[in-house]
Amino acid sequence: MPQTFHDAPAWFRRALDVPYTDCNTTVDGAGIHYLAWGEPGRPGLVFVHGGAAHAHWWTHVAAQFAAVYRVVAIDLSGHGDSDRRDEYSLDRWCNEVMAVADDADMAGAPIVIGHSMGGLVTLATASAHGDRIAGAVVMDSPVSAPDPEMESSRRNQFRDPKVYPDTATAIGRFRTVPEQDHYEPYVMDHVAAMSLRPTDGGVTWKFDPRIFMPRRSAANELLPDITCRVALFRAEHGLVTPGIGAYMYEQLGRVAPVIEIPLAGHHLMLDQPLLVVTALRTLFADWEHSVPFERD
């Protein structure tokens, strides 16, 4: 979907101009779509979106790593341009993450980065496939309380996606769950435009409302089993409070840093994307030149 952003800052326009490839692979009978930047054969990064989101939530962030890494952003089944399923499960989403990493021709084990519900998928991937990934970065995904996108009150907000007469109207109605005080408008316009598909009577959102139906394992049950490198990002105005961050730190064996992104709301790539990029670059540089602590 061609877009122009004349009022957006130069860094954002450059990020959207970085070439990428639309790719597809098959996992358990479903076609899984993903975006890929950078040359094959480089160390890999896999970005995982939150519930009801899609790969293009990460475009303006992921593209900034293309000069060094083989970077992919996945559409989990039931999201974006991937197929829908009769049933969804955390195990299948983890398998999709690993299948995309294998399909994308990365050098060695990738680092997986997930936001909100995607952070839960990332934790589950680290728990089940820790020997196949180099590290996991979890962004504002609280695990001592229900995931924000899984609470029944918010789940109801996704139950019946509305149909809008045209793209402009839909973009004007685009909202996140939960809402927050600040967004970068050019990021929101891009994400909203890439969230739509045609339907009878106009356009509607791409996600399958049934993604919120399956019962997921309690995330705190995953934390003690994770042995690969992990870092936790919490948004200053997000859902991972200092207390939740301390709880996760303890459950991960006191070896996973908890990094606060200042000024950010829960959807931190939508309001503080450059701080997210800076934090990730700093973390990756440290991981490349340090030996990880081993948990007890």
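The values are calculated or read from the model by the stated rules, or taken from the named source; none is laboratory data. What you are looking at is a predicted structure, and each value in this text was computed from that prediction instead of being measured. Positions of Cβ are generated from backbone atoms using ideal geometry, with glycine treated the same way; all protein chains shown enter the neighbour counts. Quick note on the areas: whole protein, heavy atoms, side chains included, nothing else; ligands and nucleic acids left out. Shrake-Rupley method; radii C 1.70, N 1.55, O 1.52, S 1.80 Å.
Residue selection: VAL240 satisfies the criterion of being crowded, with 18+ Cβ neighbours inside 10 Å, closer than 16 Å to VAL138 by Cβ and touching a Leu at 6+ places or on another chain (Cβ under 8 Å). What's the total number of residues in the range 24-41 that are farther than 13 Å from ARG70 by Cα and either touching a residue at least 60 places away in the same chain (Cβ under 8 Å) or out of contact with any Cys (no Cβ under 8 Å at 6 or more places or on another chain) (or both)? Total meeting the criteria: 9.
Across the range 247-284, the number of residues qualifying as part of a helix (DSSP H, G or I) and open to solvent by less than 50 Å² (accessible area, probe 1.4 Å) comes to 12. For PHE212, the conditions (1) among the aromatic types (Phe, Trp, Tyr); (2) within 25 Å of HIS6 (Cα to Cα); (3) open to solvent by less than 10 Å² (accessible area, probe 1.4 Å) all hold with the exception of (2). Set side by side, the residues ALA279, ALA256, ALA264, ALA285 differ, and just one is over 28 Å from TRP11 (Cβ atoms), among the hydrophobic types (A, V, I, L, M, F, W, C) and at pLDDT 95 or above, which is ALA256.
Within the range 108-135, residues that are among the β-branched types (Val, Ile, Thr) sit with their Cβ atoms under 6 Å from residues that are part of a helix (DSSP H, G or I), at 6+ positions apart or across chains, in these pairs: VAL112/THR122; VAL112/THR125; VAL121/TRP93; THR125/CYS94; THR125/VAL97. Do you know which residues across the range 131-149 are modelled with pLDDT under 95 and open to solvent by less than 20 Å² (accessible area, probe 1.4 Å)? Selection gives PRO142, VAL143, ASP147, PRO148, GLU149. Tallying residues that are within 15 Å of PRO43 (Cα to Cα) and either among the small types (Gly, Ala, Ser) or assigned to a loop (DSSP other than H, G, I, E, B) (or both) within the range 285-296 yields 2. Pairs meeting the criteria (first residue in the range 251-265 and in contact (Cβ under 8 Å) with a residue 12 or more places away in the chain, second residue basic (Lys, Arg) and in a strand (DSSP E or B), beta carbons under 6 Å, at least 6 apart or on different chains) are GLU260/ARG234. Residue by residue through the range 164-202, note down the ones that are outside any loop (DSSP other than H, G, I, E, B), open to solvent by 20 Å² or more (accessible area, probe 1.4 Å) and under 17 Å from ASP81 (Cβ atoms). Passing the criteria: THR167, ARG197, PRO198, THR199.
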